1. Taking K and R as +1 and D and E as -1, what net charge do the other residues with C-beta under 9 Å from the C-beta of ASP395 add up to?
2. For the chain, which span is the longest to avoid every loop-located (per DSSP) member of GluC sites (Glu not before Pro) having at most 15 other Cβ atoms inside 10 Å?
3. Just need the relative contact order of region 300-416 here, percent rounded to a whole number, with Cα pairs under 8 Å and 6+ apart.
4. Within 10 Å of each candidate Cβ there may be at most 15 other Cβ atoms; applying that plus a DSSP loop requirement, which chymotrypsin sites (Phe, Trp or Tyr not before Pro) in region 755-840 survive?
5. Considering the zone a paramagnetic label at SER815 would reach in this model (a point 7 Å from Cα along the Cα-to-Cβ line), which residues of region 756-773 have amide N under 20 Å from it?
6. Please report, as a whole percent, how much of the solvent-accessible surface of the chain comes from carbon and sulfur atoms (probe radius 1.4 Å).
7. Suppose all protein chains stay in the model; what accessible area per residue would a 1.4 Å probe give for region 1-127, in Å²?
8. Under a plain spin-label model, where a point goes 7 Å from the Cα along Cα-to-Cβ, how far apart in nm are ASN187 and THR805?
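The values are calculated or read from the model by the stated rules, or taken from the named source; none is laboratory data. Predicted, not measured: the structure shown is a model, and the values here were computed from it. Cβ placement follows ideal geometry from the backbone for every residue including glycine, while neighbour counts extend to all protein chains displayed. Please note that ligands, DNA and RNA were not included when accessible areas were found on the heavy atoms of the full protein model with its side chains. Shrake-Rupley method; radii C 1.70, N 1.55, O 1.52, S 1.80 Å.
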Amino acid sequence: MFYAHIGSSGNNHSYSVTLKLFMRCGSGRQFPNPAIISTFDKGTGTRISDVTHFMSSQETIQLVPNDPCITDPPTICYEVAYYNFVVTLPASVSGYILASEVNFRIRGINNISSAQVGATYTAEIPGTIPSATGPTNSSAHFTGTDLVVVCADNYFEYSFRAADQNNDNLRYSFCPGYNSSSGGGMNNPAGQPPYQHLNYIGQFSSTAPLGPRVTINQNTGLISGIAPEPGIYVVTVCAEEIRDGQVIAVQRKDLQINITDCSIASARLEEDYMLCRDSRTLTTQNISNSPLIVSWNWSVTNAGGTVLFSSTNPIFNYTFPVNGKYTLKLVVNRGQPCSDSATAPVYVFPGMRTGFDFTGICYQKPTTFTDQTTLQTGSITRWSWDFGETQLFNDTSHLRNPTYTYPGTGNKRVLLTVWADNGCRDTAMRTVGIITKPPITLGFKDTLICRNDEVTLLASGTGIFSWSPSVQIQNANSPNPTVSPPVTTRYIATLNTDGCENTDSVLVRVVDFVTLQLMPDTVICSTDTIQLRVNSDGLQFYWTPEAQVITPGVGQPKVVTVSDTRYDVRAVIGGCFANSSVWVRTEPYPPVNAGNDTTICYNTPAFLQGNTNAATWRWTPAAMMTQSTQLFPAAYPPQNTNFVLTVSNPGTGCPKPVSDSVLVTVLPKIIPVVGNDTAVLVDQPLQLLASGGVRYAWEPAIFLNNSNIANPIATLYEAANNITFQVRVYNELGCYDTTSQEVKVYATPPTVFVPTAFTPNNDGKNDVLRPIAVGMQEIKRFQVYNRWGQLVFSTRINGHGWDGTVNGQPQASNSYVWFVEATDYLGKPYFLKGTVVLIR
């Protein structure tokens, strides 16, 4: 918002005012129409008027970049609304604020918190103070173009320059953007000033809205630097109108800048390079990081124009041989598209040490700063101080050793920048803590002494101490005086730091005896820890027997007592003391023994054997026992379990419970395993095999070479339809389980039995054609062919058969030929073939 003074009548002055609102093209929003302009007294914030004004005109401004040296250039486009109106106001001492609260800001702004906030725009009309000509002022008017391409992580320049009809001096700075009083609305009157600042986040602030790498020139209003990551950023610039050395008004421009992921092929160097401290080596690179840059040509020339060094590396590195001023030049894409060049001076005068000291840290009292800068070459010609008052602009000086009176307390970030006649420039920073009262730290604030004793008071702080009253005090002007008051006295410490004073006090209480009252005698369980209790004003305590005291030297020590013990204590205050004692008698814990650890078989009971002479006892976990309140319960643990026996003697001097535990280990369940049922020939040796235990017993033993091993050999001498071999499988405790294996005995030569027909109808009877080998070591092959000689089934596994299908397709009823090749148990080959009928 800006205005021009267009005339006056008596004490009334008229102003032509323009409110200029920006909106991104295609946002889908509308400008407020009408807008409400509010007028406030600048001194008191009193509302004077709320007036509606309709939009005067609207235009679209747009920049479509066609520069081939910009990668992914954005289209810059704004809708701009103008509200032109006349305001007539009487001249006043303090002046006026014009304000308009308008539409929501867009969502997702990078440098402020809150999903959505509003905006308030203002213009200031000065009063007659500090300048009598203030009411005739025409405001500064921002004239810089807003069609600027800003690429993330690239150097940019954006002008916020303003014009001033009155030729006032203008000073520019970043300043906080204003929220709206209603949180962001449309067609609401603006709230009363002062206005709520936007809440900046992360590395951003009102004085660095685009981060630390972007600055504003206070003389020109030019914003420049390396842009932050892509996004939308609120940037607010204040232009102070300075007339006769006084700020008469502050005008503001608030804009949301869209930074995109583009890049500019250019040669960009720092304004200058200072090698003025320790090093002669300069390492730098092009500020522009555009992918369109394919070559770099660096050169260094001396004051006479002689080229001393050149390089084609992207990163420049050079050590200057002697002191002097040099010129660094960079040419990118030489002889190619998007060629550009840049130069910057390099000052090489090592040995500059910039620093300063200060005295006086009191609020509203002078602080004196002393330049301590030293040089090896040249001399200092200029100084610039910034005293760190962020809300003020007059906290500066160009004196070598200035004095500044701080208007507020807190930590101030003070900057000193110095310039030398050889061109060197350097900056030093220190934090100055401005205080109203210097902090005093006391070692204690209340103590106790015996009459005629001395005590040293302890204090620390920066400055000069003095103590009062001067009663029995030594070194009263030191931080740690020694006192010996005859009666209770409060000593006041006063600390003076550069004229700032603070006080604190220490109460020294004086006694001529020590009060001491111990707890009554007590009974505890033997070996327990107990805390002795004392009611006393003593400062030190000495206990015996000392070997049993865990925390000696305190009034409430912890002690370990094995047998009846008398504890003696002396409480001391300097030269005063008192003695007392207390008996701690002990009773033993009741004995308890849960028995020895044991091992049981799976799903069998463990019979526990507890032992105690206590009055009560219980076992846990009770859910695994039949009678958990008995000393000898039966336990049925499903897995390894610790059973705990807890006993106690309630109503005695040692009523606390005590426990013992026993581990019952449960062996895994026995799973006996033997081979499948089988068939053999008379006199054919049969290898039996069992597993799952540590010991085995087979029956009937008459046919076995050894009935007490896992793998005996059975020999059967006559045919039998079925012989059952049963085996007991034992674990390490002697528990066992049984299983058996059925054996058929044939009185035939070694044979493979194959049925003559089968019916694969899934009725569970004769559904599969299986070879049954008797007296065979192995079946080498069993094959089935259809009537056309095609193989339909093949196996080498005894008992594995054909289900009458080929690739899942049922075969028709018919005759099929089978062939078997095997080796008998004596190693002789065996061949046989035949036919089988498939019946459906």
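1. Values: positive: LYS412; negative: ASP386, GLU389.
Every neighbour counted, the sum reads -1.
2. Details: sites that count: GLU270, GLU271, GLU454, GLU718, GLU732.
Excluding the exposed sites themselves, the longest stretch runs over 1-269.
3. Values: 183 pairs, mean separation 21.6, N = 117.
For region 300-416, the relative contact order is 18 percent.
4. Numbers: sites: PHE758, PHE782, TYR785, TRP788, PHE793, TRP802, TYR816, TRP818, PHE819, TYR825, TYR830, PHE831; in loops: TRP788, TYR825.
Answer in residue order: TRP788.
5. Taking a point 7 Å out along Cα→Cβ of SER815, the residues of region 756-773 whose backbone N falls under 20 Å are 756-760, 769-770.
6. Details: 20290 of 41740 Å².
About 49 percent, which is the carbon plus sulfur part of the accessible surface.
7. Values: 5520 Å² over 127 residues.
Per-residue value: 43 Å².
8. Each label point is offset 7 Å from its Cα along the Cβ direction, giving 7.9 nm.
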